[in-house]
1. Inspect segment A:133-141 for any residue being crowded, with 19+ Cβ neighbours inside 10 Å, touching a residue at least 60 places away in the same chain (Cβ under 8 Å) and assigned to a strand (DSSP E or B) and give the result as yes or no.
2. Do we find that A:Tyr566 is modelled with pLDDT under 85 and assigned to a loop (DSSP other than H, G, I, E, B) in this structure?
3. Looking at segment B:31-42, is at least one residue part of a helix (DSSP H, G or I) and buried (at least 24 other Cβ atoms within 10 Å of the Cβ)?
4. Somewhere in segment B:109-122, is a residue at pLDDT below 90, away from chain A (no Cβ under 12 Å), open to solvent by 30 Å² or more (accessible area, probe 1.4 Å) and more than 22 Å from B:Val239 (Cβ to Cβ)?
5. Given the conditions (1) part of a helix (DSSP H, G or I); (2) away from chain B (no Cβ under 11 Å); (3) not hydroxyl-bearing (Ser, Thr, Tyr), report the number of the one that A:Glu590 does not fulfil.
6. Looking at segment B:96-109, is at least one residue small (Gly, Ala, Ser) and either in a loop (DSSP other than H, G, I, E, B) or more than 30 Å from A:His413 (Cα to Cα) (or both)?
7. Out of segment B:54-74, which residues are in contact with a helix residue (DSSP H, G or I) (Cβ under 6 Å, 6 or more places away or on another chain), in a helix (DSSP H, G or I) and facing another protein chain (nearest Cβ under 7 Å)?
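The values are calculated or read from the model by the stated rules, or taken from the named source; none is laboratory data. Bear in mind the structure is a predicted one, so any value in this text is a computation, not a measurement. Methodologically, a virtual Cβ is constructed for each residue, glycine included, from the backbone with ideal geometry; neighbour enumeration extends over all protein chains shown. Please note that ligands, DNA and RNA were not included when accessible areas were found on the heavy atoms of the full protein model with its side chains. Shrake-Rupley method; radii C 1.70, N 1.55, O 1.52, S 1.80 Å.
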Amino acid sequence: MAIGLFMTGVLLMLGSGFPGLLMPRESEGGERIFVALILLGSLCGVVGTLLSLAPDGNAALNLPWPLPGAAFSLAIDPLSAVFLFPLFLVAPLGAIYGLGYWPQRDHPNNGRQLRLFYGVIGAAMVLLLTARNGLLFLFAWEAMALSGFFLITTEDNRSDARRAGLIYLAATHTGTLALIALFALLEGICGSFTFPPAASLAAGGAGSAIFFLGLFGFGMKAGLMPLHIWLPGAHAAAPSHASALLSGVMIKTGIYGLVRLTSFYAAIPPSWGIIVLALGAISGILGVALAIAQHDIKRLLAYHSVENIGIITLGLGIALIGRSSQQPMLVLLGISGALLHTVNHGLFKSLLFYGAGAVIHATGSRQIDGMGGLLRRMKWTGICFLGGAVAICGLPPFNGFVSEWLIYQGALHSLPGSVSASQLALLAAPALALIGGLALACFVKVFGLVFLGEPRQEAAARAHPAPASMRLPMLVLLLACAWIGLSPWTVAPLLQRAATVWSPSLAPLTLAAPLAHLPMIGALAWSLLLLIAVAGFWIARRSRKAPRDASTWGCGYLAPTPRMQYSASSFGDLIVGLFRVGLLTERHGEPVAGPFPKPSTFSSHTPDAVLDRALLPAAGGIAWLSNRLRRFIQNGHTSFYLLYVALTLIVLFALIP
Amino acid sequence: MAGFLLHLCLLLLFAPLLQGVITRTKALFAGRIGAPLLQPYFDLRRLWGKGFVLSRTTTWVFLAGPAVALTVPVLASLLLPFGGLPAPISFEGDLILFVYLFGLGRFFTALAALDTGSSFEGMGAAREVTFSCLAEPTILFSLIVLARISGGLSLNSLFGPHLAGAWGTGAAAPLGLILVCLFVVLLVENSRIPFDDPNTHLELTMIHEVMVLDHSGPALGMILYGASLKLMVLGALLVRLAFPWQTGHILGDVLVFLGGLLVLAILIGVVESTMARLRLVRVPQILIGTVLISIFALVLVLRST
């Protein structure tokens, strides 16, 4: 019954975009049917998931599939559920948001394509998160990857979208290759493509190869630092509600893969945890540093996904270290922090992308430098974006703080005892502190420059508020963020169960021990909110009668213009300067010199260090070299070709015994 | 409940006096008599009675800044032992909440600065967020050192009675190192010379003060009061670390704590009088230096205990 409902949800989602295809291009009926089907499908999915998590629920489905080695086998366990819930929340909200953001009448050419693949990617992710067979998993993985490509290239008339789509396609298929090798090796060890039960795999030999293939393939999808190359461009190019789904939910399938894969192993070598921890720290710090250097609001948010994936990976690394050194507290705190941060990032990153979409919708530009003063014209969008910004910086009283707090706790719990490799987990704490500080700087910049101050350009001064269909999803997500932040104990049981699935050795550890302080966090978050409300109410009442006709004090200068405000480049310049070794920022413009200086400008541009500075030049070099080689080898003389044949034959004779 | 009220009374009543002591110390060093010790209280009272001047550019965020800046130190102080007085609220991991609460305060203060649209305040906000993200790893490393020495994860146990004994053991060297680190962080976070100058507003090297240029009347009062509360809360960490003695009697503990705070205020005054402000490019260098010192302290404490 439960799994039937669940599968109905999947099918409804999968088919949600098809009725629109049969309707005329200008008709708006297709988008209404789409929203209704996605809503209904998600509702079925949520109810199905909840029912199968109930103590007596049957959560597995096994159907034969006429492919050698494959079976259509699904199962819903708490670990899958942690990833399913954000999906079932964000997918329908994005569909509603799309009504206002990407209406069919304004986008007759690509509206139907967008909705078709939006539904397909949703269904593919649900399948992927519950698959228990390697081939089914790969099938769902490819369906997801390809629909992702069509979402990214929705506006395929724009060259940057096409470029982002191609880079994405190359990256995702490189990752898939690794995954195919992974499942082939897994089949070799287990004898079938069915997922092995938890804690049944040995770590040596092929086991290690499987782990590192998974780290590469899943890390590519998740956007872990050196593998993140496709992410910023792709998330910037897609329509905002599709970006929200890609960034908030899709990249988490990589995390899911890593978590599921590591649950198979019986014992974890210490080096794995340390490698994962180091990758997380690099992703986190460099991701946020690159984000500060961006001036395109969606690229900036995309780099924050790299950062947050880093934070999640830090939690996973702590949990792995805890498993290899037999410290259950580290395992529980690390994995529940990582899982909760996965959920949280899904919520606040979608919220921020919706907010950014509303801003782009209103001003027609993605450049932060042209905005300003939007809070007056877009009150609700501003409030929701501010909430999302507080949450993503990990500040109380919102949800980001709770998950980061769990990861900190995990790191600090490695303190007691003698010096050992497991104490490297400690370094997650200061890394998180640095990430938190940088994220704060970044969101002060974004919110301050976009929503506060004076409009810098005409378009920002004429911005219009977002329609209700776009405001509602933001408000729902803001409430979800606040709910986890203010009453975090409500999610603790699910986290505990998911952690137990991941590492069955945790079972004797009760909820009472490490997650028990969550109610305290909740209570303090409430009192913080209350105190701020009281102080804010107090000062607001005092200021009610104050005249609001003074201009901002310009230190005696009487003709200020909005252009004198701090810009995105100038705000980030100090921090970007500190990270100039890693960022390779290009600075354009002359310093002002002399008593009568010439007109001068300053701008900075930060390319992606891995993609633009390493991979693309390397690819160009290889192409050049291959061209030269081809001209040399394929030179048109028949005698040379005969020589090649003869040489090949000789080599073959020598090789074959 | 009594401890809770005593905690709040100590914080709310005593904090502005520290500013008075600092100002007085600086005046004495300069050969002046200086303002009365209670001048900060008079200032706050006068500011609270005044009206507002609000720029037409600003929105509600401009007023949220002072509200958060005042709220945050009050809540943070409840997690902190005041000398021998245990914290009214304490649980494992509250040290993270303590650090992040100040992050929230900084977030809203910087946003309030950007809300005015002034280039000066934008500059101040950019500097504030840059320097504090460098200060944050130092705080975390220092707290980790203390956590290792105490074996607990709540501020109450970090700054518990064991500190008096720890100074006599092998932990003395790391404790001394993090005392230096935390003093630097205190000066940075409270915008003191040599990192910032709380008295001038206009020089382009200013950080915190330039962010609150446009605040006036009760809003400025809230910011000043919030700043003095923050000084006392962060100072309480240092005082407990440097004067860990406990008399066993509540009155004695309060006196040791308040006396320690006064000594700290005088020390800040001396530093401000005898040092010049650093060039702005030197500030990150010093902050990275303190990160390194705190890492060194961590290595020492991991090896020795």
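1. Yes, segment A:133-141 contains at least one residue that is crowded, with 19+ Cβ neighbours inside 10 Å, touching a residue at least 60 places away in the same chain (Cβ under 8 Å) and assigned to a strand (DSSP E or B).
2. On the way: modelled with pLDDT under 85: no; assigned to a loop (DSSP other than H, G, I, E, B): yes.
So A:Tyr566 fails the test.
3. Of segment B:31-42, the ones part of a helix (DSSP H, G or I) are B:39-42.
Now drop any that are not buried (at least 24 other Cβ atoms within 10 Å of the Cβ), which leaves none.
No, the conditions are met nowhere in segment B:31-42.
4. Checked segment B:109-122: no residue is at pLDDT below 90, away from chain A (no Cβ under 12 Å), open to solvent by 30 Å² or more (accessible area, probe 1.4 Å) and more than 22 Å from B:Val239 (Cβ to Cβ).
5. Failed condition: (1).
6. To start, the set of residues in segment B:96-109 that are small (Gly, Ala, Ser) comprises B:103, B:105.
Those left that are additionally either in a loop (DSSP other than H, G, I, E, B) or more than 30 Å from A:His413 (Cα to Cα) (or both): none.
No: zero hits.
7. Taking segment B:54-74 first, the residues in contact with a helix residue (DSSP H, G or I) (Cβ under 6 Å, 6 or more places away or on another chain) are B:58-59, B:61-73.
Checking which are in a helix (DSSP H, G or I) leaves us with B:61-73.
Across segment B:54-74, the qualifying residues are B:Val61, B:Leu63, B:Ala64, B:Pro66, B:Ala67, B:Val68, B:Leu70, B:Thr71.
Residue-by-condition table, conditions (1) in a helix (DSSP H, G or I); (2) in contact (Cβ under 8 Å) with a residue 40 or more places away in the chain; (3) over 21 Å from A:Cys384 (Cα atoms):
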{"position": "A:Pro430", "(1), (2), (3)": "yes, no, yes"}
{"position": "A:Leu440", "(1), (2), (3)": "yes, yes, no"}
{"position": "A:Leu449", "(1), (2), (3)": "yes, yes, no"}
{"position": "A:Pro455", "(1), (2), (3)": "no, yes, no"}
{"position": "A:Pro465", "(1), (2), (3)": "no, yes, no"}
{"position": "A:Ser469", "(1), (2), (3)": "yes, yes, no"}
{"position": "A:Leu477", "(1), (2), (3)": "yes, yes, no"}
